[in-house]
Every structure is written in structure tokens, then in C-alpha cells.
Amino acid sequence: MIMANAMYNAAKEDYLGGVRAFDTDAIRCVLVDTGVYTFNAADTDYTDLAGAVVGAESGLFTSKTITGGVANAADVTFSAVTGATVEAIVVFYDSGTAATDTLICYIDSASSGLPVTPNGTDITVTWNASGIFAI
């Protein structure tokens, strides 16, 4: 079960400023190789993850809720994943253009089952019962 280890500054500003709405925005996540990417709270968009994404993006999050300041959604499954070892997950707002896809949160908790080495099978991300992130 996983909950955000850190939020990106741009996402905090977007949510606190009313620019983003988790429950209605297009939200996805990606699997990340930390041998290529190191978390930086100042990173802003999907292009900052260049070369570190393992496999494809998740589908759009479903069953999203924002109860009590906590963002949550249905678990996501990545199909037939191959590539480098995955040590982190990054949740992001999908604008349709990488340069404007806002990074939301970074998860690398060992309790989340990370790292995982893709072997061509599915990888399911099971969100913490307490939610994905809280503001």
C-alpha cells in the first residue's frame, strides 16, 4: 500500500491556487527508474522525467475522490511491463502535452513493493487505504 512520499512544488501551488482539481482532471502515473531520475521538488512537468519512464503511462485514474483533503483513486495496472528496475512512481496531471503535464507526487516507499523488476507481466499499483496524497 502506498501514499505519496513527496509532492512537487508546482502541484502544491496548482491545488492550493485552485488551478487543478484532482477529482475532475485527467490524472495518470508512470513507473520510474531512479537510476536515471532523482526526485527534485522543483521539477514541474513530464519532460523532467526524460529517459526514466519504464513502460507506458497508466490509463486515466478512475473512481477519484478528494474527501477530507485526501486524493484517492482506483488502483492502476500496467500491462506486460518490460525494461529497467522500477524504484518509484510519479503521479501527474495529463494535459495532453508533456511540457505542460504537471508532476503531482513522487512515491518510492519500500512498503509499496518497490523496487520491482519488470519481467513482461502486469504490475498493479495498489494505493494506500489512506489515499494517494493529502493536502
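The values are calculated or read from the model by the stated rules, or taken from the named source; none is laboratory data. Small disclaimer: the values here were computed from a predicted structure and weren't measured. Note that we place each Cβ from the backbone using ideal geometry, even for glycine, and neighbour counts take in every protein chain shown.
Regarding the stretch 63-80, can at least one residue be identified that is closer than 17 Å to Tyr8 by Cα and in contact with a Leu (Cβ under 7 Å, 6 or more places away or on another chain)?
No: the stretch 63-80 contains no residue that is closer than 17 Å to Tyr8 by Cα and in contact with a Leu (Cβ under 7 Å, 6 or more places away or on another chain).
Cβ-Cβ under 8 Å, sequence separation 6+ or interchain: first residue in the stretch 12-23 and over 10 Å from Ile66 (Cβ atoms), partner assigned to a loop (DSSP other than H, G, I, E, B). Which pairs?
Lys12/Ile135; Glu13/Val19; Asp14/Arg20; Leu16/Ile135
Residues checked against (1) closer than 19 Å to Ala129 by Cα; (2) of a type in the set (D, E, K, R); (3) at pLDDT 95 or above:
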| site | (1), (2), (3) |
| --- | --- |
| Met3 | yes, no, no |
| Asp25 | no, yes, yes |
| Leu31 | no, no, yes |
| Phe92 | no, no, yes |
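Exposed (fewer than 13 other Cβ atoms within 10 Å of the Cβ), among the hydrophobic types (A, V, I, L, M, F, W, C) and assigned to a loop (DSSP other than H, G, I, E, B): is that true of Ala129 in this structure?
yes
For a quick check of your reading of the model, give me the residue pairs whose first member lies in the stretch 61-73 and is closer than 17 Å to Cys29 by Cα, whose second is of a type in the set (S, T, N, Q) and part of a loop (DSSP other than H, G, I, E, B), with beta-carbon atoms closer than 6 Å and at least 6 apart or on different chains.
The qualifying pairs are Ala73/Ser63.
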